[in-house]
Amino acid sequence: MSRFLLILICAVAVACCRCGVPKPQDAYSSAPDLLGDVTDRRQQIRSFRMIGRIDSYGEDQRVAGKIYVFGELPDRLRVELVSPFGSPLSVLTVDQKRFALHDHRQGRYLKGPADPCNIARLIRIPLPAPDVARVLIGHTPLLDGPVTIEWDRKGVYRLTIEESPAVQYLDIGPDRSTLPLYRSRLVGAAGEVFDMTYDRWKFVGSIAVPREIRVKMPGEQIHLLVRYDANGVELNVDLPGDAWSQTPPAGIVPTEVTCDGSGGL
């Protein structure tokens, strides 16, 4: 191969890298339309049952192990953390406005309002129950403000939502059959509030969900990784009505805990 031809090939390769991924022919031009379609796809999910693993660490403790996650949108959750031998370690339930946590390892039973700090005692995401449920199925909490759209040469739509002083950035894939949300990043006046990434999107029936979710919340010093098993995701399933509540076992006195510091851990 001549030196001239080699230089030409390299120049073309560099130019293509700079051009990046071209915008789809049927690309969205309206930011509200794209955001609305993404939201509509996630709203097709009314309930879920998932099996996977969690690895989370924060300022005070680490949570790792196998989890069973049940949810009925918008605000009912059940999360069971089990040992490698299948015995329960912790069970968290959220039924609309109330939460309970049975910590088998420490022999404690906590109860109280379903506030973000209480939900985060196991799932490690200090957000309201509806937002936690959204995150677990591949969606995100959203600001309520004007939204703009641009095509990023990495091959994703970049939506920017502004609600002063906060700004949120969403990276969404172009496949109209799934419209996968790859990243949601929220920045406030004091810096980054959260950075959520969603990977390994796969269909369950006609609905796509991510198999891997990462959440970083620098202000809370929280890093969370959830990986669902290959066949561990079921959507729109019928779940028993008593899944969202639990009763303290005999011999354990329940402790009322709140987010104002009363009750304690």
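Note on the stretch 99-122: residues that are crowded, with 17+ Cβ neighbours inside 10 Å and closer than 24 Å to TYR169 by Cβ total 1.
Yes/no matrix, rows are residues, columns are (1) out of contact with any Leu (no Cβ under 8 Å at 6 or more places or on another chain); (2) modelled with pLDDT of 95 or more:
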residue	(1), (2)
LEU8	yes, no
GLY20	yes, no
SER29	yes, yes
ASP33	yes, yes
SER47	no, yes
ILE51	yes, yes
GLN61	yes, no
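If the condition is being at pLDDT 95 or above and either closer than 14 Å to GLU72 by Cα or aromatic (Phe, Trp, Tyr) (or both), then the stretch 96-110 contributes PHE99, TYR109. Residue count for the stretch 112-148 under the criterion of being acidic (Asp, Glu) and either within 30 Å of GLN25 (Cβ to Cβ) or free of Cβ contacts under 8 Å to residues at least 12 places away in the same chain (or both): the result is 1.
Quick one: would you say SER83 is over 21 Å from PRO126 (Cβ atoms) and surrounded by 14 or more Cβ atoms within 10 Å (Cβ to Cβ)?
no
For the stretch 32-67, filtering for residues that are closer than 12 Å to VAL226 by Cα and of a type in the set (Gly, Ala, Ser) leaves 4. The number of residues in the stretch 149-177 that are within 15 Å of ASP37 (Cα to Cα) and touching a residue at least 40 places away in the same chain (Cβ under 8 Å) comes to 7. With the requirement that a residue be assigned to a helix (DSSP H, G or I) and within 28 Å of GLY219 (Cα to Cα), what does the stretch 39-71 give you? Within the stretch 39-71, THR39, ARG42 meet the criteria.
Could you run through the stretch 123-141 and say how many residues are among the β-branched types (Val, Ile, Thr) and either surrounded by fewer than 21 Cβ atoms within 10 Å (Cβ to Cβ) or closer than 13 Å to ASP195 by Cα (or both)? Please lay out each step first, then the result.
Initial filter on the stretch 123-141 (among the β-branched types (Val, Ile, Thr)): 123, 125, 132, 135, 137, 140.
Narrowing the set further to residues that are either surrounded by fewer than 21 Cβ atoms within 10 Å (Cβ to Cβ) or closer than 13 Å to ASP195 by Cα (or both) leaves 125, 135, 140.
Qualifying residue count, the stretch 123-141: 3.
Residue under question is GLY232, and the condition is that it be surrounded by fewer than 15 Cβ atoms within 10 Å (Cβ to Cβ), of a type outside the set (Phe, Trp, Tyr) and within 20 Å of LEU92 (Cβ to Cβ); does it hold? For GLY232, the condition - surrounded by fewer than 15 Cβ atoms within 10 Å (Cβ to Cβ), of a type outside the set (Phe, Trp, Tyr) and within 20 Å of LEU92 (Cβ to Cβ) - is not met. If you go through the stretch 174-189 and keep only what is crowded, with 17+ Cβ neighbours inside 10 Å and closer than 18 Å to ASP40 by Cα, you end up with PRO174, THR178, LEU179, PRO180, LEU181, TYR182, ARG183, SER184.
If you take the residues of the stretch 238-251 that are touching a Phe, Trp or Tyr at 6+ places or on another chain (Cβ under 7 Å) and among the hydrophobic types (A, V, I, L, M, F, W, C), which of them is farthest from GLY138 (Cα to Cα)? Restricting to residues being touching a Phe, Trp or Tyr at 6+ places or on another chain (Cβ under 7 Å) and among the hydrophobic types (A, V, I, L, M, F, W, C), the top hit is ALA243.
The values are calculated or read from the model by the stated rules, or taken from the named source; none is laboratory data. All figures in this text were calculated on a predicted structure; none of them were measured in a lab. Virtual Cβ from ideal backbone geometry, glycine too; neighbours counted across all protein chains shown.
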